[in-house]
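Comments concern the structure below.
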Amino acid sequence: MRAAILGCTSVAIVAMVMLYAGRARAELRVVGEGKARVIDARQFAEDERAGYETFKVRCTKCHEMNRPITAILTGVTPVSGSKFDANEVKRYVVKMMRKPNSGISREDAKEVLGFLRRALELAGQDKNDNASGTDEK
């Protein structure tokens, strides 16, 4: 009797895990650890990779790649503790664009914003009614 109960419990647990896994979101793939941590660009469509390259060049001019990756994965900026989600990312990109010597043009900002929104989506941090970026001008 006890073996039958354990067997049924095991089957139920496996079924729940499989059901959840079937509904699980794609995850943002990151390679390396610490200062060597980078986003795996292969997970992005060809047209999204330009945004990734701009992000990589512009954001690492002032930060190690680990810093924005942490913000993307957690939804919180590591230094200030500010929200970093689809609602706040545009404001954050504009803030960084205005920093002296950032070198981020309006076109760069649009590319970085598009990339970050996609990365946040993959990371499950895209809690925004307008995450598609249709409010861009």
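Computed values, structure above
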| quantity | calculated |
| --- | --- |
| Test: residue in the stretch 77-89 that is part of a helix (DSSP H, G or I) and crowded, with 18+ Cβ neighbours inside 10 Å | yes |
| The stretch 58-67, subset free of Cβ contacts under 8 Å to residues at least 24 places away in the same chain and closer than 12 Å to Val38 by Cα, residue surrounded by the fewest Cβ atoms within 10 Å (Cβ to Cβ) | Thr60 |
| Near pairs, Cβ below 6 angstrom, 6+ apart or cross-chain, from the stretch 70-81 (small (Gly, Ala, Ser)) to any residue that is surrounded by fewer than 18 Cβ atoms within 10 Å (Cβ to Cβ) | Ala71/Thr77 |
| Selection count, the stretch 24-51, where residues are in contact (Cβ under 8 Å) with a residue 40 or more places away in the chain, touching a Lys or Arg at 6+ places or on another chain (Cβ under 9 Å) and in a helix (DSSP H, G or I) | 3 |
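Bear in mind these aren't lab numbers, they're just calculated from the coordinates by the rules spelled out. Please read these numbers as outputs of a predicted model, since none were measured by experiment. With ideal geometry, Cβ positions are generated from the backbone for all residues, glycine too; neighbour counts draw on all protein chains shown.
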